[in-house]
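Report on one structure; see the data block that follows.
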Ligand code: HEC
Ligand code: HEC
């Protein structure tokens, strides 16, 4: 009996390995790869997790308020925020598409020259938009509200809506302990509060617990059996990502984004020269934004976080740089890049492999990347790894408009 037990366990383990999402053939080599990881490899992998709660935003006093998030959820799905009455935030940030829109550039046509990014995990970012021209989620939200080509109701219009709709007015009072007001001297305050409520809602749109997170957690805990359940091709891709391909130099940390601005020479949509000045102009716009964290509408203009904007310096090499996108949920947010130039992950990896058509960015035209010349197998491994970054969606109650009835 005692002799038979190990065999029994081995047979059971083989069954379990074959039963999961890992093909039986792949299970054994993944185990071998896991056992062979050296200290540097493990250390680099563990830098990509876990995704801890986002740092607080002191410039928004209601950032974590339930009542504010409730109002924010209401507004996020409200088409009355648009001039044509047909669009809301979720027209371009769709729950069914991981809060992106699946398009290269958003409709209505001409709404933006840039691709709609997902807002899952946006709360972790320090600078918002591809060019970083907003430094908080709430100041970000005011921009589509103002922009007639996006929603366009404007601050005064939004304040009026909050006053005239009795349910919105009640929810506003619950969140801010005061009534909304559309009087000319008050409407900015009402609209800014509403934007802070939208930000409180967005802050809850967090998505983690991906297959990669479970792998990293197992590795951290030293549970190599659990770690070996990670698909072998994904692990090879991860080792490329953190190793020879050096993707981690920009797609760093638990968000797989360093939060900073770079150029990868991506050819602009429609060809020709790079026209989007990216971070270069983004810094100018941010410093001039009355709704920036160090401005008069901030709840903590003197906080360390708010003051960061004051230390930003514009310089020529920022021309054309865009913020490194997070790669969490990336398999669900095609197409890719700041103008949606790449249709699939396969295209992205082809680009990093060859740098086909790369354009020099910045006034100095610096060459930041070298073609990686990845084999077909390596590209497949990298793609398999990127697919393990799909996280669990936020709670279902946050993924839809609030019910109309009270
Ligand atoms: C017409 C489509 C459209 C609508 C409507 C829209 N957005 Fe966006 N959103 C975009 C595009 C495009 C970008 C990127 C623009 C850029 O970087 O210049 C963006 C960027 C963002 C970002 C920045 C994400 C990041 O990682 O930096 C957030 C957050 C966001 N939108 C939230 C909202 C909210 C809240 C609303 C409603 C008040 C809204 N959006 C309405 C298209 C839209
Ligand atoms: C020099 C910094 C840098 C390096 C190195 C880098 N990236 Fe990127 N990555 C970026 C930037 C910046 C963008 C957005 C570029 C744009 O929109 O023009 C991007 C975009 C992407 C996208 C599209 C994401 C989206 O939502 O649009 C994917 C996927 C990606 N990178 C994967 C990788 C992989 C895999 C590697 C390694 C082979 C890598 N990156 C190396 C900075 C980098």
Please name all residue pairs, on different chains or six or more residues apart, with Cβ atoms under 6 Å, provided the first residue is in region 115-132 and is away from ligand 2 (no atom under 13 Å from the Cβ) and the second residue is not in a loop (DSSP other than H, G, I, E, B). 128/134; 128/140
Qualifying positions in region 306-346 - without any contact (Cβ under 8 Å) to a residue 60 or more places away in the chain, over 23 Å from residue 391 (Cβ atoms), assigned to a helix (DSSP H, G or I) and away from ligand 1 (no atom under 16 Å from the Cβ): 307, 310, 311, 316, 317
Give the residue, chosen from 241, 261, that is surrounded by 21 or more Cβ atoms within 10 Å (Cβ to Cβ), on the phi < 0 side of the Ramachandran plot and within 14 Å of ligand 1 (Cβ to nearest atom). 261
Could you list, in sequence order, the residues of region 142-164 that are outside any helix (DSSP H, G or I) and either in contact (Cβ under 8 Å) with a residue 60 or more places away in the chain or crowded, with 21+ Cβ neighbours inside 10 Å (or both)? 148, 150, 151, 152, 153
Scan region 250-273 and tell me whether some residue there is free of Cβ contacts under 8 Å to residues at least 12 places away in the same chain and assigned to a helix (DSSP H, G or I). no
Conditions (1) surrounded by fewer than 22 Cβ atoms within 10 Å (Cβ to Cβ); (2) at pLDDT below 95; (3) out of contact with any helix residue (DSSP H, G or I) (no Cβ under 8 Å at 6 or more places or on another chain); (4) on the phi < 0 side of the Ramachandran plot -> residue 281 fails only (2)
Subset of region 116-128 that is buried (at least 22 other Cβ atoms within 10 Å of the Cβ) and more than 6 Å from ligand 1 (Cβ to nearest atom) - its residue that is farthest from residue 391 (Cα to Cα): 127
Counting only residues in region 61-120 that are farther than 22 Å from residue 175 by Cβ and assigned to a helix (DSSP H, G or I), the one farthest from the chain's Cα centre (by Cα) is identified as 91
Can you spot a residue in region 356-376 that is at pLDDT 95 or above, surrounded by 15 or more Cβ atoms within 10 Å (Cβ to Cβ) and under 30 Å from residue 74 (Cβ atoms)? no
Just checking: which of the helices (runs of 4 or more DSSP H) contained wholly in region 176-236 hold 2 or more residues that are under 18 Å from residue 63 (Cβ atoms) and over 18 Å from the mean Cα position of the chain (by Cα)? 187-202
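The values are calculated or read from the model by the stated rules, or taken from the named source; none is laboratory data. Note that the structure is a prediction, hence the values are computed from the model and not measured. Counting neighbours? That spans all protein chains shown, and the Cβs are built from the backbone with ideal geometry, glycine included.
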